[in-house]
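Student: Before we start, here is the structure in question, set down as structure tokens.
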Amino acid sequence: MARQVLGKADRTVLGLQNHEIRPVIGKAFGGTTIDKCETILACVFKAFGTLSDKERQEMAACDMGFFAYHTIHKGGLAFGIQEDDTNKDGGSSSSSSLKAVVVFREYDPAKENHTPNFLDRFWSSVTDLRAYYHMKFDPLGLPELLKDSSQEKKFCKSGEVSDLIFEKFHEYHVQYAPQEKHWYIAIVATDPESHGKGYGKQVMHLMGQVADATGMACYLESPQYNRRFYEKCGYEVTKDVTVSVIDKELGEVSADLVLMTRKPQPSS
């Protein structure tokens, strides 16, 4: 049903692969400048010292690429809005690119609402390994920074911190998300160069159409600074939380988040 709904929309690309969405995700989460980097990633990236904007975006794309891979691996779908690029004169270019993307999946509390056990963590590690090699050999490849073995070791260490953070996300999901089947929106990203042009609203509107057509709610976690955007898209605050993990090397990695839900709207 989700594919049917999204397939009717203009300029929408379905079934995007990991390497196709990572550039947009990297720029969105890594930020065009360090102060615009997503809070948790900014804390995790302290392990690498001072990064250039390009390095930070590549690392953000890789880090979030694992999350995207897990989501798609569990039956999820990635879609986005694609439009022609503009040239220096403001006219249409012969090339096109993704402006905004969403990665989501169906979440079934009856099967998933439990504390991760040894087997869960084992298969999660296997999926991480598969994601790593998938990204290493896909058309985009891994960040240049990780060609340095010492930096790769730091990345593996930071990955352990990221895993702990995502376990926290799962705890919040179990406690505060709808208790019936719903759509879990894992990633929403808009190319910073396309901000203010309505692409983010478009993908969220399409996600709302999927929710309404299937009669299922949507749930997501968001940094506090994106709260108003999602409220305008019909989402309501379920809980304000502070996710916090203590690491010996990085210190405290924390961020203020808002958990939000959108109820399906009846057809008129």
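Student: Name the residues in region 108-135 that are within 17 Å of Tyr176 (Cα to Cα) and of a type in the set (A, V, I, L, M, F, W, C), would you?
Tutor: Correct list: Ala110 only.
Student: Got a number for residues in region 121-159 being surrounded by 11 or more Cβ atoms within 10 Å (Cβ to Cβ), free of Cβ contacts under 8 Å to residues at least 24 places away in the same chain and of a type in the set (D, E, K, R)?
Tutor: 5
Student: Looking at (1) modelled with pLDDT under 90; (2) surrounded by 13 or more Cβ atoms within 10 Å (Cβ to Cβ); (3) farther than 25 Å from Glu193 by Cα, which one does Gly76 not meet, given that it meets all the others?
Tutor: (1)
Student: Anything in region 32-72 that is on the phi < 0 side of the Ramachandran plot, surrounded by fewer than 15 Cβ atoms within 10 Å (Cβ to Cβ) and either modelled with pLDDT of 90 or more or not in a helix (DSSP H, G or I) (or both)? List them, or say none.
Tutor: Result: Thr33, Thr50, Ser52, Lys54.
Student: With the checklist (1) under 18 Å from the mean Cα position of the chain (by Cα); (2) over 18 Å from Val101 (Cβ atoms) in hand, flag the one item Ser52 doesn't pass.
Tutor: That leaves (1) as the condition not met.
Student: Scanning region 9-31 for residues that are of a type outside the set (A, V, I, L, M, F, W, C), part of a loop (DSSP other than H, G, I, E, B) and touching a residue at least 24 places away in the same chain (Cβ under 8 Å), which turns out surrounded by the most Cβ atoms within 10 Å (Cβ to Cβ)?
Tutor: Gly31
Student: Looking at this structure, is Lys201 more than 17 Å from Arg22 (Cα to Cα), free of Cβ contacts under 8 Å to residues at least 60 places away in the same chain and surrounded by fewer than 20 Cβ atoms within 10 Å (Cβ to Cβ)?
Tutor: In short, yes.
Student: If we keep just the residues of region 32-70 that are of a type in the set (Val, Ile, Thr) and touching a residue at least 60 places away in the same chain (Cβ under 8 Å), which is farthest from Ser254 (Cα to Cα)?
Tutor: Thr32
Student: If I go through region 97-132 residue by residue, how many of them are more than 15 Å from Ala61 (Cα to Cα) and outside any strand (DSSP E or B)?
Tutor: 22
Student: Just to verify a result, which residue in region 169-197, among those that are among the small types (Gly, Ala, Ser) and at pLDDT below 95, is surrounded by the fewest Cβ atoms within 10 Å (Cβ to Cβ)?
Tutor: Gly196
Student: Considering each of Phe104, Phe118, Phe155, Phe166 in turn, give the residue that is under 18 Å from Ile72 (Cβ atoms) and modelled with pLDDT under 95.
Tutor: Phe166
The values are calculated or read from the model by the stated rules, or taken from the named source; none is laboratory data. Given the structure is predicted, the values throughout are model-derived calculations rather than measurements. Positions of Cβ are backbone-derived with ideal geometry, glycine not excepted, and every protein chain shown enters the neighbour counts.
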